[in-house]
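Structure first, commentary second.
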Amino acid sequence: MNVKKQFKDGLITNNPVLVQLLGMCSTMAITTSLFNGIGMGISVLVILTCCNVVISAMRKVIPNDIRIAVFVVIIAGFVTIVDYVLKAYIPALSESLGVFIPLIVVNCIIIGRAEAFAAKNSVAASALDGIFQGLGYTVVLCVMCIIRELLGKGTFGGGILNGGDGIALFGSNFQGAMILTMPFGGFLTLGCLIALMQYALRKSKEKKAKEEDK
Amino acid sequence: MGLLTSILSISLGAILINNFIFSQFLGCCPFLGCSSKVDTAVGMGLAVTFVMGLASAICSLINTYILVAETSIFGVDLSFLQTLTFILVIAALVQFVEMFLKKAIPSLYSALGIYLPLITTNCAVLGVVLLNVQNSYNFIESTVYGITGGLGFLLAIVLFASVRERVQFAEYPESFEGFPICLVTASLLALAFMGFSGMKIF
């Protein structure tokens, strides 16, 4: 088991959103305030870890032909639990994420990791994979939220800091580009982030190739 | 509001104002994955429309008569099973559509290929069913919302595929190769669809 490699995989080299291009609907839809981003990220992290552990523990029992159906039932169970816990304890979050909490069932990250990792690896490795992939997802969500909020409204930490309004970094008279908080901004910000990631990965590959030449 | 009025406003909302892709971000995966050619985009859009309409109708009935306590024939509150039931109904429905198409229209079946089973994990389908419950639509309204939502998806994916066929020949920075340029294109289309926001019949 290689914890360090799994950590790097989840956050950078095999990031679920920026490299594997999974779970993009929720990434674009809910990233309008930091509160949403952190809440959604942690919900997915918890569900992903639980599902990975259960699926990995049952991987020898599940018949191969109906494995997807079994995965979906397990995932739907955990999603329902998280949905009801959020409704009970953090109703504000549940309200602002709305339909996207139950939609975690069809979030490709979870079923993708179940199929690609948990169904083939030990319980401990799958749990770590869940945590790191979940962290990678959360980090991307937070970056998206920070960019869109800062440029769109000129605030930081909306929903959490300063009584929910967020801290106005450019003074209260700042006129933000409101358009970035609308659907247009979601597509554009994610597109630019993925482009940045591709640029970084290409540069690091070129650097490695150069070192090998020497 | 009369039935006809509500149907009209639901349809207009689902197709243009609150388009599933450009304003609610539901169903982005097949939207981006399945839109490199206009032909496949049309096939995918039609299949999704069909499944969305059928799923809305069936799930609406199940929700009213089995899951919700007040109207249930069993008299028990089973609404905590909503997500689980809906996803299983959709999975079964997609399987059924797949078998039907294989027998009845083999040419469309082979054209859709891998994308057909993937409709199960299309968040637009589960999304429309959940939104029906959230907006407490009745049976007719749910079905209309499902079908028109699917038509909105069809419109979006066909428009996007046509633009994408042209983008292939354009020049753009190397880092934007593949997905990023698609997302930027989609953002511009979303901008166009923003023009519909605030439109109302009454």
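Normalised by the number of residues in the stretch A:3-207, the mean separation of alpha-carbon contacts (under 8 Å, six or more apart) gives a relative contact order of 33 percent. Simple rule: put +1 on each Lys or Arg Cβ and -1 on each Asp or Glu Cβ in the stretch A:1-118, find the dipole, and look at A:I47, A:N15, A:I75; the Cα lying farthest toward the positive end is A:N15.
Secondary-structure-derived ellipticity at 222 nm for chain A, considering helices only, amounts to -21000 deg cm²/dmol, per-run term -39500 (n - 2.57) for DSSP H runs with n ≥ 4. How high is the relative contact order of chain B, in percent, with contacts defined as C-alpha pairs under 8 Å that are six or more residues apart? Taking the mean separation of contacting Cα pairs over the length of chain B, I get 40 percent.
To the nearest 0.05, how large is the calculated FRET efficiency for B:L108 and B:I73 if R₀ is 30 Å and r is the Cβ-Cβ distance?
0.20
Computed from Cα atoms, the angle from the helix B:139-167 axis to the main principal axis of chain B rounds to 10 degrees.
Dipole magnitude for chain A: about 660 debye, using +1 per Lys or Arg Cβ and -1 per Asp or Glu Cβ, origin at the Cα centre. Helices in chain B, meaning DSSP H runs of at least 4 residues, each add -39500 (n - 2.57). Divided by all residues, the mean residue ellipticity at 222 nm is -21500 deg cm²/dmol. On the beta carbon distance between A:A177 and B:Y172, with R0 = 25 Å, the FRET formula returns roughly 0.65.
How would the stretch A:3-207 be classified by its alpha-carbon gyration tensor: rounded, prolate or oblate, with rounded meaning a/c under 1.5 and the a/b versus b/c comparison settling the rest? Oblate.
All other residues with a Cβ under 14 Å from the Cβ of A:K208 taken together, and with Lys, Arg as +1 and Asp, Glu as -1, what is their net charge?
+2
Across the stretch B:82-92, rounded Karplus estimates of 3J(HN,Hα) from the backbone phi angles (6.51 cos²θ - 1.76 cosθ + 1.60, θ = phi - 60°) give 3, 4, 4, 4, 4, 5, 5, 4, 5, 4, 5 Hz, Gly and Pro being marked x. For the protein assembly as shown, the mean projected area of the C-alpha convex hull, equal to one quarter of the hull surface, is 24.6 nm².
Note on the stretch A:3-207: dipole from Cβ charges, positive end direction compared against A:Q198, A:I38, A:I179; the farthest Cα belongs to A:Q198.
Quick note: the coordinates plus some simple rules give every number you see, no bench work behind them. Small disclaimer: the values here were computed from a predicted structure and weren't measured. Glycine gets a Cβ as well: all are built from the backbone with ideal geometry, and neighbour counts include every protein chain shown.
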